[in-house]
Amino acid sequence: MHSLYVYYRVQPERSGQARQAIEAMLDRLHAATGVRGRLLTKRDESTLWMEVYEPVPDTVQFERALASALAAAGIERFLASGSARKTECFVG
């Protein structure tokens, strides 16, 4: 099994809208893949967010579904200037 960790910075003034959009995206992704994602924020740095997906049995299929869900939700519009989503995959 794999675990995916996706981290990025959001615009502080749009964090409420971003949270709603990402939570809805997580729900749609769960319905499509069976993988329940979690959204975390860094302690003492509220604009640094992380999505955690585990366990992920098929990373290729899951990453395709994630990309589709992200595009449909328009998550990029909430990212802080100069920020990009970074994905790390761990095996355990």
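All of the numbers you see were taken from the coordinates with simple rules; none came from a lab. Since this is a predicted model, take the numbers as computed values, not measurements. Reconstructed Cβ throughout: ideal geometry from the backbone, glycine too, with neighbour counts over all protein chains shown.
Structure above, values below:
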| read-out | value |
| --- | --- |
| Among residues of segment 25-70, those that are among the aliphatic types (A, V, I, L, M) and farther than 17 Å from F90 by Cα, counted | 12 |
| All positions within segment 1-28 that are hydrophobic (A, V, I, L, M, F, W, C) and outside any strand (DSSP E or B) | M1, A18, A21, I22, A24, M25, L26 |
| Some residue of segment 29-36 being touching a residue at least 24 places away in the same chain (Cβ under 8 Å) and not in a helix (DSSP H, G or I) | yes |
| Evaluation of A69 against (1) touching a helix residue (DSSP H, G or I) at 6+ places or on another chain (Cβ under 8 Å); (2) over 18 Å from Y8 (Cβ atoms); (3) among the small types (G, A, S) (one fails), failing number | (2) |
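Residues are listed down the side, and each one gets a yes or a no for (1) of a type in the set (G, A, S); (2) surrounded by 13 or more Cβ atoms within 10 Å (Cβ to Cβ); (3) more than 17 Å from T87 (Cα to Cα); (4) in contact with a Phe, Trp or Tyr (Cβ under 6 Å, 6 or more places away or on another chain):
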position	(1), (2), (3), (4)
S3	yes, yes, no, yes
V6	no, yes, no, no
R14	no, yes, yes, yes
Q20	no, no, yes, no
S46	yes, no, yes, no
